[in-house]
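Scroll down for the structure; my scribbles are underneath it.
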Amino acid sequence: MKKSIFWTILAAVLSLTACHEPEELIPAVANKGINAVTAYATWEGYHSADNTGFVGDIDYQKREITIQVPYNIPVESDVVTKLEDYKKVWVLFNLDDNATLEPALLTMDLTKEYTLTLTDQKKQQSTWTIKAALKKSSACDIESFSIPSLGLSAIIDKAGATASLIYFQGLENVFGEVTISPHATIVPDPSKTAFWCSPDSPKKFTVIAQDGVTKRDWYLQQTEPARFDGGLRPGSGKILWLKKLSALGVPVLDMTTGIAATDNNLIIHTRGENPIVVDTKSGDVVGSVDLGSIKGATSSYYLTSDHKGHLMVNNRVPDDGSILRIYRMRDLNSSPELFIEFPTTDVYGDHISVWGDLYGDATIQAAYCGWTSTGTTSTITWVVKNGELVSPEPTWCQISGVNGWTNGDAIRLGTESNSDFLACGYSMNQLSWVDGTTNAAKNYIHGALSGNEGMKAVDAVEFNGVRYVAATMESFFTWGVAGDMWIFEAKYPETFNGSLEQDTANGIMSYPDITVFNLNNDDGNEISNCYGFYGGRANDGVNSNALQDVKLHVTSDGYFMYAYFMFCNGYAGCIQFDCIAQ
């Protein structure tokens, strides 16, 4: 009876499945058994599984794995790595599914060689060896190339292995300065061997890597690289350096008020001192500017620069009397030239901004910077044509549509007295776009974190056909969390809006759509942990006046924009952008 029931059920099952194709059983696909190996250094029993691991080079024919340990750590140093320093590293194997190793190696001594048995998905076994070796760098790039005698700096295209100079005359018997990959060599060495070059005949250089085997031919050419279609190239922003003012040798932090920029340098000004000159690329101090007889705590209160890299210095009134004096300098080696004298009983001099060329066409704008309500939200503007003042008497305006400020800053977006302008100040902490004809605020970006932070510095330029504005906010107290810089597009007043408020509960910042860079976000740190890290939280000195400054500078070739910031109780820094089509 049981047999009859069994066969009846089986027949029913077969009848149900007879019209279906049988499913094909596909075995798991075997790859290479061992797909990747990475070793991570350990300290006091802990390891760090991040991008600092040593990668294993796998030879599948010989069944050998070699952990590649950099010959120098860090790579740019001259210190040769010792495998003896890595007698216990954590090793991570990426194996095929169901593949195993015997013994199950979790840590290893990089001075030793190990024998392992791999059992793959098909249960086939093979014997492998794993060891470590010092590996010299295979990097063979040109990082920078310049010809100091002509003031030329090349634009580097690593993908195309070219260094492009925007210079259309023949180069004869010139020397260059070059930065290449760490421990690499270049043949011929342009710093030791004079070379020739022309628009029709690029000069070839060969960069040989530290390993002595890997090499790459590079060409110094005289051409104009293609530009990105409008504005900066997205993603091109990179921080070149960040340094505390104290580390730069600034003598009195709370007396440091302003910064200026040329193609190759940042100039940091401290009241009563000669400004220091910092190399744009490295952040190293390379000299100073002699202010001569105008140097003083109030007579040379603030320093900035125009779009051509000419310097402008001013005093502060009424601290230095009742006449606002503004000086200009063609370059770092020039003497200050008195340009403007303006009798006034108001408070001016904390910040004065320039749009254009002080020796060509420009506007110079100063915002009222007193701590009282008198003159609140007012600015004065001078117009320069062909290097001369149109009138020694400035155009005065009172901004409407904002709540008022003290210690403000403003910059025109053109070279006319009625050009639209951007303005900010404490304690409304709004960066406002102001109609230059009606003096009414059209729109604004809200930046207040609390009533004790101040958005007090603004600068703007045009880069590759698009206007950009940078602004900073800083704390008045050591317990404040401000100390940040933002860069925005300034295309249209209609889109110039949004908020920079911080969600303190979730540690998240909101950004307007026009934001192209934020210091405390684009440095790779978490907002919730480091907002204001480069200003108030650095706590590198007193900042009772919330002294801060920001500067945008476009290089004379038009391919790079540098953004600088300075918080007098924290850091100064440099961010580079480009518009090179890639």
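The values are calculated or read from the model by the stated rules, or taken from the named source; none is laboratory data. Not measured: the values here are computed from a predicted model. Glycine also receives a Cβ, built like all others from the backbone with ideal geometry; neighbour counts cover every protein chain displayed. Just the protein is used for accessible areas: all its heavy atoms, side chains included, with ligands, DNA and RNA removed. Shrake-Rupley method; radii C 1.70, N 1.55, O 1.52, S 1.80 Å.
Yes/no matrix, rows are residues, columns are (1) at pLDDT 90 or above; (2) crowded, with 19+ Cβ neighbours inside 10 Å:
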residue	(1), (2)
Asp484	no, yes
Glu526	no, no
Gly535	no, yes
His553	yes, yes
Ser556	yes, no
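On the stretch given as segment 299-346, residues that are in contact with a Gly (Cβ under 8 Å, 6 or more places away or on another chain) and either of a type in the set (Phe, Trp, Tyr) or assigned to a loop (DSSP other than H, G, I, E, B) (or both) total 15.
In segment 307-330, is there at least one residue being open to solvent by 20 Å² or more (accessible area, probe 1.4 Å), among the aromatic types (Phe, Trp, Tyr) and either modelled with pLDDT of 95 or more or more than 22 Å from Lys551 (Cα to Cα) (or both)? The answer is yes, given that some residue of segment 307-330 is open to solvent by 20 Å² or more (accessible area, probe 1.4 Å), among the aromatic types (Phe, Trp, Tyr) and either modelled with pLDDT of 95 or more or more than 22 Å from Lys551 (Cα to Cα) (or both). One residue stands out in segment 112-124 among those that are modelled with pLDDT of 95 or more and loosely packed, with under 14 Cβ neighbours inside 10 Å: the one that is nearest to Asn72 (Cα to Cα), namely Lys112.
Just one of the listed residues (Thr111, Thr117) is among the hydroxyl-bearing types (Ser, Thr, Tyr) and farther than 19 Å from Tyr40 by Cβ, namely Thr117. Filtering Thr344, Thr298, Thr304 for residues that are open to solvent by less than 10 Å² (accessible area, probe 1.4 Å) and of a type in the set (Ser, Thr, Tyr) leaves a single hit, Thr304. Each residue in segment 101-159 was checked for being of a type in the set (A, V, I, L, M) and under 24 Å from Tyr60 (Cβ atoms), and 12 pass.
Listed here are the residues, each with its yes/no results for (1) charged (D, E, K, R); (2) within 20 Å of Asp557 (Cα to Cα); (3) modelled with pLDDT under 95; (4) open to solvent by less than 20 Å² (accessible area, probe 1.4 Å).
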{"residue": "Ile239", "(1), (2), (3), (4)": "no, no, yes, no"}
{"residue": "Leu245", "(1), (2), (3), (4)": "no, no, yes, yes"}
{"residue": "Gly249", "(1), (2), (3), (4)": "no, no, yes, no"}
{"residue": "Asp254", "(1), (2), (3), (4)": "yes, no, yes, no"}
{"residue": "Ile259", "(1), (2), (3), (4)": "no, no, no, yes"}
{"residue": "Asp263", "(1), (2), (3), (4)": "yes, yes, yes, no"}
{"residue": "Glu273", "(1), (2), (3), (4)": "yes, no, no, no"}
{"residue": "Val277", "(1), (2), (3), (4)": "no, no, no, yes"}
{"residue": "Asp290", "(1), (2), (3), (4)": "yes, no, no, no"}
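Is it fair to say Tyr571 is under 25 Å from Asn429 (Cβ atoms), touching a residue at least 24 places away in the same chain (Cβ under 8 Å) and open to solvent by 10 Å² or more (accessible area, probe 1.4 Å)? The answer is yes for Tyr571.
So is Val213 within 24 Å of Ser282 (Cα to Cα) and of a type outside the set (Gly, Ala, Ser) or not? It is false that Val213 is within 24 Å of Ser282 (Cα to Cα) and of a type outside the set (Gly, Ala, Ser). Taking segment 64-111 as the region of interest, the strands (runs of 3 or more DSSP E) fully inside it that hold 2 or more residues being open to solvent by less than 60 Å² (accessible area, probe 1.4 Å) and touching a Ser or Thr at 6+ places or on another chain (Cβ under 8 Å) are 64-70, 89-95. Checking each residue of segment 205-221 against the condition of being surrounded by fewer than 16 Cβ atoms within 10 Å (Cβ to Cβ) and not in a strand (DSSP E or B) gives at least one match. Would you confirm whether any residue within segment 175-194 is more than 24 Å from Ser556 (Cβ to Cβ), open to solvent by 60 Å² or more (accessible area, probe 1.4 Å), without any contact (Cβ under 8 Å) to a residue 40 or more places away in the chain and not in a strand (DSSP E or B)? Yes: one or more hits.
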